[in-house]
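The structure that follows is given in the form of structure tokens.
The values are calculated or read from the model by the stated rules, or taken from the named source; none is laboratory data. It should be emphasised that the depicted structure is a prediction, and the values quoted were computed from it without experimental measurement. Backbone-built Cβ (ideal geometry, glycine too); neighbour counts: all protein chains shown. Quick note on the areas: whole protein, heavy atoms, side chains included, nothing else; ligands and nucleic acids left out. Shrake-Rupley method; radii C 1.70, N 1.55, O 1.52, S 1.80 Å.
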Amino acid sequence: MSLADHGFAQDTDSGYDYLLKGKRVSFSIFGGPMFELSSVNDNLGFSSGGGGAIMINQTVFIGGYGMGLNALSSQQFVVDNVQYSNLSLDFGHGGFWMGYVHDYRKIVHFAGSGKFGWGGIDLQGNQLDNYRNNVLVFTPQIEIEVNVGRWFKVNGGLGYRFVSGVDQSVFESNQFNSPQASLTFIFGWFR
């Protein structure tokens, strides 16, 4: 008895269409440092970090990222009904990074991405033991990318950071939501 008698034989002309039928699929990886300017607690904030991803057919990618704000000092907050001054504010987050690159073969082309992550807002000072507020962060953005070489791209983006879960007894709900500008140096193998 053969496999065909049990219905397990491979049918090469089944009439079905598949998403990847007859198409060559390529995978590559990339990563690099990221820098962002945004407003944090009504101050200009500079964040740095990095990310990496797997790219499919040089157009769609999925990976991870991490960003941290360079500490803002001399901040004043009310925590548990006590006024504190000269506090240091830290804000960091990381998570998933997904995006799409349009016309990747052109020297200058457009892209779009979104970062969805979680992190925390930390307050520290001499009078206050470490205070932490856990938050969720979503940052969609549009980008312009420049192919510098087969292994290097520069990406500039504009987006908006949405922060959910901010402790409204200490912060105003919109103190961390902000337009942001980003610069990313991407290293990988791009064909």
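Does segment 101-111 include one or more residues that are part of a strand (DSSP E or B), of a type outside the set (S, T, N, Q), farther than 23 Å from residue 188 by Cα and modelled with pLDDT of 95 or more?
no
Continuing with the same structure: If residue 118 satisfies all but one of (1) touching a Gly at 6+ places or on another chain (Cβ under 8 Å); (2) at pLDDT below 95, what's the number of the condition it fails?
Against the list (1) touching a Gly at 6+ places or on another chain (Cβ under 8 Å); (2) at pLDDT below 95, residue 118 comes up short only on (2).
May I ask you to list the residues in segment 64-78 that are part of a strand (DSSP E or B) and surrounded by fewer than 17 Cβ atoms within 10 Å (Cβ to Cβ)?
Correct list: 64, 68, 73, 74, 76, 78.
Checking the conditions here, which among 125, 165, 149 is open to solvent by 20 Å² or more (accessible area, probe 1.4 Å) and touching a Ser or Thr at 6+ places or on another chain (Cβ under 7 Å)?
Going through 125, 165, 149 in turn, just one is open to solvent by 20 Å² or more (accessible area, probe 1.4 Å) and touching a Ser or Thr at 6+ places or on another chain (Cβ under 7 Å): 125.
In segment 30-48, which residue that is open to solvent by 30 Å² or more (accessible area, probe 1.4 Å) and in a strand (DSSP E or B) is modelled with the lowest pLDDT?
43
Are any of the residues in segment 158-181 within 25 Å of residue 58 (Cα to Cα) and modelled with pLDDT under 95?
No: segment 158-181 contains no residue that is within 25 Å of residue 58 (Cα to Cα) and modelled with pLDDT under 95.
Let me ask another. If I go through segment 83-127 residue by residue, how many of them are under 18 Å from residue 172 (Cβ atoms) and not acidic (Asp, Glu)?
Qualifying residue count, segment 83-127: 9.
I would also like to ask the following. Of everything in segment 54-90, what is modelled with pLDDT of 90 or more and of a type in the set (Gly, Ala, Ser)? Give them in sequence order.
63, 64, 66, 68
Output the residues belonging to segment 128-146 that are among the aliphatic types (A, V, I, L, M) and open to solvent by 10 Å² or more (accessible area, probe 1.4 Å).
Listed by number, the residues that qualify are 128, 136, 142, 144, 146.
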